[in-house]
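Bear in mind that the values in this text are calculations on the coordinates, not laboratory data. Please read these numbers as outputs of a predicted model, since none were measured by experiment. We place every Cβ from the backbone using ideal geometry, glycine too, and count neighbours over all the protein chains shown.
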Amino acid sequence: MAVLLKLYCQKKLVNSTPLHIIAFFFIITAVTLAYADENDKENLALKGIISNPQTESAARKIGHFDIENGFERHYFYTLYQIGGKTLSRQGFSYYHFPISELKFPLDVYMFYLDINLSFIDRLTIHFSMHSSINTRVGKMKDSDWVPYPKIKTIYSESDARIKAVFNEIDLTARLFTVSFFSLKAGIGFMHQYMNYSCSNLEQISFYDSSSTTYIGNPSYIKLLGKALNYKIQYYFFTMQITPLVTVHIGGGALEIAAAIRFSPYIKAKDIDDHILRGKTSKGESTGTAFMPTLRIYYIFNTRIFITAKLEYMYLTTKGEQNQYYYNPFLDFSTGNIPGWSATIEYKTKSEQLSVSLGAGYSFEF
């Protein structure tokens, strides 16, 4: 259409305009078109640079959202001990520590879901949920050193079942990057909930209160049915520093992170319901934890990634436990005093090792 219009205009001008005006018009037009052509070339070249897909992607992308799930295997235990200073309605007394220990297994499989939100490759918000899959986790072990320290006079085992839920959230910041090495630091919060049900008690005892030495012939008992319920919760304030190495392999990138994480403050709260003795014990304590982690992460150019993680935790807390007999006639050691109660020194300790495998997808935005 533009060409036809141009030809029509040229025809009208030839028929109605002197030749020198026509010549001047064509010279001006040629110069203008030449300048416009060169300017268009420069603009196209510049546009080619600006509209480069990689440059546009880098300019548009301000972060990424990662979602990951997988399975993990937990090992080891959580336990509590009592002993030391004791105050009851019968007065003040002092026992060696520990006088009693209950050790609960943590041999459990868990499913986990991780969510990460990162901005400008600098700040990352991480949230994860973990839930137990199996319930049978082995034997709960109950040991008593009565009345002598380091002489175990009563020992029992019960079948333990567990329901466990672990959650954590943290905020990390990349401090600097030099070549393939980065350093991150962060703070966070963790919560662990474990609910145990123990049954089918088997006990062997050398304790004999009628003997002058309190040591007698071994006796064995087995009681079917539920013996004990135990719930414990750990609340962690966490701090971490994470060296990170990134290596580009094939069409993706491999990251190896060795997090040095610890908790300067833990709050532990638990409830132990000794059903066979009609006794409830509630403990509160505070302490610290050390939690190193090794994580290997590989992301493909399709934004799909796979991960493997090895994590260890060691924690200890100290506090007090309050004991109360809601059915004192089930335990003659209290002298059948209705409503007998006591406060005793109390400690918790837990070692946890987990191995996990997972996969996910990273959405850029």
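With only Cα atoms counted, region 86-177 has Rg and Dmax values of 22.2, 65 Å. Taking only the C-alpha atoms of region 274-365, the Rg (one decimal) and the largest Cα-Cα distance, Dmax (whole number), read 23.5, 72 Å. Rounded to the nearest 0.05, the FRET efficiency derived from the C-beta distance between Val178 and Ser131 at R0 = 56 Å is 0.90.
Each listed q (0.12, 0.20, 0.24, 0.30 Å⁻¹) maps to a log10 I(q)/I(0) for region 66-118, found by the Debye formula over equal Cα scatterers with no solvent: -0.56, -0.81, -0.93, -1.06.
Ranked for footprinting exposure by Cβ neighbours inside 10 Å, fewest first, Met140, Met194, Met291 give Met291, Met194, Met140.
For region 100-222, a crude dipole built from +1 on the beta carbon of Lys and Arg and -1 on the beta carbon of Asp and Glu, taken about the Cα centre, is about 160 debye to the nearest 20.
Is the C-alpha gyration tensor of region 125-175 telling us rounded, prolate or oblate? Criteria: a/c under 1.5 is rounded; beyond that, a/b larger than b/c is prolate, otherwise oblate. Cα axes put region 125-175 in the oblate bin.
Pairs exceeding a 31 Å alpha-carbon distance, out of Lys141/Lys184; Lys279/Lys309; Lys152/Lys309; Lys226/Lys309; Lys152/Lys318; Lys85/Lys309: Lys141/Lys184; Lys279/Lys309; Lys152/Lys309; Lys226/Lys309; Lys85/Lys309.
When the alpha carbon coordinates of region 162-310 are projected onto the principal axes, the ranges are 75, 30, 26 Å, largest first. Near Gln321: Cβ cut-off under 12 Å, other residues only, Lys/Arg at +1 and Asp/Glu at -1. The net charge is +1.
Given R0 = 51 Å, the distance between the Cβ atoms of Phe92 and Thr302 translates into a calculated FRET efficiency of 0.15.
The protection proxy used here, the mean number of other Cβ atoms lying within 10 Å of each residue, ranks peptides 262-269, 69-76, 206-213 as follows, highest first: 262-269, 69-76, 206-213.
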